[in-house]
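Undergrad: A single structure is presented below for examination.
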Amino acid sequence: MTVSDLLRALKRHWLLEIILFVVVVGGMAGYTFTVTPMYTTQAQLMAKNSDGAMTTGAASGTASPLTGYAQLVQSDAVLEPVVDNLGLHTTVTNLRNNVSAYVSDGSAFVNMTVTYTDPNDSVAILNELVKQLNKQITSDGSSGIQLSIIQKPVVPSAPSSPNVKGNMVIGVVAALIVAAAGAVIREMSDNSVRTKADIQAIITAPILSSVPKSPTLAGRTPAVIVKPRGHAAEEFRRLATNLSFVRDNRGTRSNVLVVTSAMPGEGKTTISVNLAAAFAEKGESVLLIDADVRHPSVAKGLGISNGVGLIQMLTNQVDAQTAVQKYWKPELQVLPVEDNEAAASVILSSSVMENMIDQAAKHYDHVIIDTAPIQVSNDASLFARNGATLLLVVSQTVGSKKVLRDVARELKVSRAKISGVAFNRVAHEHSRKGNYYYYYEESEKQAKSGTKDVKAKSDGKRSARTTSSNK
């Protein structure tokens, strides 16, 4: 994953990041403010002989008797009386974990630390520890050493733990890491195609157009006919123009456009039909061929009959004049395919089909072939020969990254080059941004609305004058 991929993931999954951040910080805050606070107090003891002389520790690297006394602090013989005498609500084991003592090398001082849930109890425990420790030292009467407090313990004014500031800093840092990791994991596990960048990461061909998700495209009439000034219609005009830039004019089929998709349901037929209308709108002759024999859709999409069509024409049952239908303008002609899958796949790969495409390429300005999705059949690679343009339709959220990768590999193996990509059903907020035609549409609506208002006011004034004259 590159830096740009990471930034895109962070931007895309911002809501997940906020949730993870709040959960982690909230969890740390909950722990910090609900855990029992602990108070720590310290004292320094000095060892003296019975004659009052200070006892020094052994030289560095050798054993010191004071070290043994420091270790004695955590013994049951010292701790049990402390718990009993002070009536502490704890066990000897728990107290042992909160008591420590050490002696620096060559020093005559014992440093003692006590941590407890109550600040006053921590001081009382330390004092009782010193008392019980001295009892153990002098119990056999042979050592002649007495420990006395030279630095008295002070009642702590604030808890030593939890460290609120430290915990919150750790919580924020951890939350940022978890949020970023969550976004990356979500991005890597998301198999849907959502942006142009998702396509460009897999397909090297240029994205020629972003067709919006629009109710206009749900009907049976192409957008350039039913709503010629709409955003969708303009995107198809843009696509028609951009296709001329990626077309290979060296081949015999340079004016043949093969339209396919990676998987079913991505709207390839919608693209084919509207693109044909966009060419015809400019006065260019178009033959739209439905070659998706497994799922014929062109006739249904345009609301025409497919009783006679491609298969009967290829098998010489009918002639081209009978099979081909005119639609909208004389320049736009449609060759549907019948519901006859039995032998259709064999016929499509035959030399008869090849000859028909070559003849159509000579007769029309544009030949558009709507083929089956690559996941269903790789008919597209058969038609995309001799310089034909291959347009891959990818639908937002419907398209799959995995399937798209598989399709890219399959087309590469079959030596079928993807000329361009049509990004279909793009969400409104992604497709209309900066679009002049959206602005034009809205302005046109406002203008029409204003005209109606002016007309209404004019009619109102005329009615008022008529009423006044009648009086």
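The values are calculated or read from the model by the stated rules, or taken from the named source; none is laboratory data. None of the values given here were measured: they were computed from a predicted structure. Here the Cβ positions follow ideal geometry from the backbone for every residue, glycine too, while neighbour counts run over all protein chains shown.
Undergrad: State all residues of the stretch 234-254 that are modelled with pLDDT under 95 and either part of a loop (DSSP other than H, G, I, E, B) or surrounded by 20 or more Cβ atoms within 10 Å (Cβ to Cβ) (or both); if no residue qualifies, say none.
TA: Once the filter is applied, which keeps residues that are modelled with pLDDT under 95 and either part of a loop (DSSP other than H, G, I, E, B) or surrounded by 20 or more Cβ atoms within 10 Å (Cβ to Cβ) (or both), the stretch 234-254 yields R247, D248, N249, R250, G251, T252, R253, S254.
Undergrad: Between a residue in the stretch 1-28 that is within 13 Å of A197 (Cα to Cα) and in contact (Cβ under 8 Å) with a residue 12 or more places away in the chain and any residue that is of a type in the set (G, A, S) and in a helix (DSSP H, G or I), which pairs come within a Cβ distance under 7 Å, given they are 6 or more apart or on different chains?
TA: Filtered contacts from the stretch 1-28: R8/A197; A9/A183.
Undergrad: If you scan the stretch 69-78, which residues turn out to be under 24 Å from S107 (Cβ atoms) and assigned to a helix (DSSP H, G or I)?
TA: Y69, A70, Q71, L72, V78, listed by residue number.
Undergrad: So which residues in the stretch 73-82 are surrounded by fewer than 18 Cβ atoms within 10 Å (Cβ to Cβ) and within 15 Å of L126 (Cβ to Cβ)?
TA: Across the stretch 73-82, the qualifying residues are Q74, P81.
Undergrad: Moving on to the next point. Among the numbered criteria (1) in a helix (DSSP H, G or I); (2) touching an Asp or Glu at 6+ places or on another chain (Cβ under 6 Å); (3) surrounded by fewer than 17 Cβ atoms within 10 Å (Cβ to Cβ), which single criterion is violated by K300?
TA: Only one criterion is unmet by K300, namely (2).
Undergrad: Still on this model: Identify the single condition in (1) at pLDDT below 95; (2) out of contact with any Pro (no Cβ under 7 Å at 6 or more places or on another chain); (3) surrounded by 11 or more Cβ atoms within 10 Å (Cβ to Cβ) that V35 does not satisfy, given that it satisfies every other one.
TA: (2)
Undergrad: Does N167 satisfy the condition of being in contact (Cβ under 8 Å) with a residue 12 or more places away in the chain, closer than 21 Å to Y39 by Cα and not assigned by TED's automatic domain parsing to the domain that holds A43?
TA: So N167 fits the description; yes.
Undergrad: Looking only at the stretch 81-102, which residues are over 17 Å from P153 (Cβ atoms) and in a loop (DSSP other than H, G, I, E, B)?
TA: G87, H89, T90, T91
Undergrad: On the basis of being over 18 Å from V346 (Cα atoms) and either out of contact with any Cys (no Cβ under 6 Å at 6 or more places or on another chain) or surrounded by fewer than 22 Cβ atoms within 10 Å (Cβ to Cβ) (or both), does L404 make the cut?
TA: Judged against the criteria, L404 is a match.
Undergrad: Which one of these is assigned by TED's automatic domain parsing to the domain that holds L332, surrounded by 21 or more Cβ atoms within 10 Å (Cβ to Cβ) and basic (K, R): K213, K268, K282?
TA: Result: K268 is the single residue among K213, K268, K282 that is assigned by TED's automatic domain parsing to the domain that holds L332, surrounded by 21 or more Cβ atoms within 10 Å (Cβ to Cβ) and basic (K, R).
Undergrad: Just to be sure, is A372 under 23 Å from S285 (Cβ atoms) and not charged (D, E, K, R)?
TA: Considered against the rule, which asks whether it is under 23 Å from S285 (Cβ atoms) and not charged (D, E, K, R), A372 comes out as no.
Undergrad: Further question on the same structure: Taking interchain pairs and intrachain pairs at least six residues apart, which have beta carbon atoms under 7 angstrom, with the first residue in the stretch 235-261 and charged (D, E, K, R) and the second in a loop (DSSP other than H, G, I, E, B) and crowded, with 21+ Cβ neighbours inside 10 Å?
TA: Final answer for the pair search is R253/A388.
Undergrad: Tell me which residues, restricted to the stretch 411-425, are assigned to a strand (DSSP E or B) and farther than 10 Å from S209 by Cα.
TA: R425
Undergrad: Also: Residue by residue through the stretch 237-252, note down the ones that are closer than 28 Å to M353 by Cα, touching a strand residue (DSSP E or B) at 6+ places or on another chain (Cβ under 8 Å) and of a type outside the set (V, I, T).
TA: Once the filter is applied, which keeps residues that are closer than 28 Å to M353 by Cα, touching a strand residue (DSSP E or B) at 6+ places or on another chain (Cβ under 8 Å) and of a type outside the set (V, I, T), the stretch 237-252 yields L239, N242, L243, R247, D248.
Undergrad: A218 passes all but one of (1) surrounded by fewer than 13 Cβ atoms within 10 Å (Cβ to Cβ); (2) closer than 26 Å to L15 by Cβ; (3) of a type in the set (A, V, I, L, M, F, W, C); which number fails?
TA: Unmet for A218, out of (1) surrounded by fewer than 13 Cβ atoms within 10 Å (Cβ to Cβ); (2) closer than 26 Å to L15 by Cβ; (3) of a type in the set (A, V, I, L, M, F, W, C): (2).
Undergrad: Using beta carbons and a limit of 7 Å, which pairs, at least six apart or on different chains, have the first residue in the stretch 77-98 and within 19 Å of T36 (Cβ to Cβ) and the second one part of a helix (DSSP H, G or I) and of a type in the set (G, A, S)?
TA: Filtered contacts from the stretch 77-98: L86/A124.
Undergrad: While we're looking at this one, here's another question. Taking the condition of being closer than 21 Å to E354 by Cβ and touching a Gly at 6+ places or on another chain (Cβ under 9 Å), how many residues in the stretch 299-323 meet it?
TA: The total comes to 2.
Undergrad: For the structure I just gave you, tell me whether V318 is more than 43 Å from the chain's Cα centre (by Cα) and either free of Cβ contacts under 8 Å to residues at least 12 places away in the same chain or under 19 Å from A205 (Cβ atoms) (or both).
TA: Criteria met by V318.
Undergrad: Scan the stretch 255-269 residue by residue and report those that are in a loop (DSSP other than H, G, I, E, B) and among the charged types (D, E, K, R).
TA: Correct list: E266 only.
Undergrad: Go through the stretch 150-196 and report how many residues are among the aliphatic types (A, V, I, L, M), loosely packed, with under 13 Cβ neighbours inside 10 Å and within 30 Å of L390 (Cα to Cα).
TA: 1
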